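Please read the structure below before turning to the comments.
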Amino acid sequence: MATKAIHTTGDISRKSPSLCVVYGEDGDDWVGRFLSGFGFFDVHFPKKTTRELTREEKKTWNGAAFGVGGRIMNLVVFPGFGVPRRAIVVKTRNSVYRLGKAERDGTRTIVRDDRPLGFSTVKISFLKIGRSMLVDMLDGSQWKTSSVLSVESGKIRCSPRPKQS
């Protein structure tokens, strides 16, 4: 959350606190961008006037979409926030996914009921009913599902299907 902001074009501070993404550091400033507005990059936010969101604020903002120049360009995702560590079944508009219990590092097994996936180990980065589930694969790429209809828990045995020869 930040109010004071300096860009190469000048002072772009805001009267009320606004969400920003920080991706770097430069002395007494965080470097990043606001999630809404004109889309300026490499904005300097003084560390003294910038703070991390509280847990309640993360809960409120997780899954929110923001526009830049009138187009939706940003989806707020706090990786792993609100994602259960237990084994779950995620039902989407098109498929049913079974995910094993998360390991310490957040990785878990995944299988799809109707069609095999080309991968079997993921980290859930975003999971919210009514939105697409986002998973991070071990190679660093992301994959998303259709809209999530329900998330069920229970003792689910989740092991990848054997490869067909």
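For the reader, a short list of remarks on this structure follows.
- Length added when fully stretched, T9-D105, from 0.36 nm per residue minus Cα-Cα: 30.4 nm
- For F126, the residues 5 or more places off, or on other chains, whose built amide H falls under 5 Å of its own are G80, L134.
- What the Cβ-Cβ distance of R85 and Y23 gives, at R0 = 30 Å and to the nearest 0.05, is a FRET efficiency of 0.65.
- Label-point separation in nm, R93 to F38, each point 7 Å along Cα→Cβ: 3.6 nm
- Along each principal axis, taking the top coordinate minus the bottom one, the Cα set of the range 88-153 gives 26, 22, 18 Å in descending order.
- ³J(HN,Hα), Karplus 6.51/-1.76/1.60, whole Hz, each residue of the range 90-100, x for Gly, Pro: 10, 9, 10, 4, 10, 8, 10, 10, 10, 10, x
Bear in mind these aren't lab numbers, they're just calculated from the coordinates by the rules spelled out. From a predicted model like this one, the values you see are computed outputs, not experimental measurements. All Cβ positions, glycine included, derive from the backbone under ideal geometry; neighbour counts span all protein chains shown.
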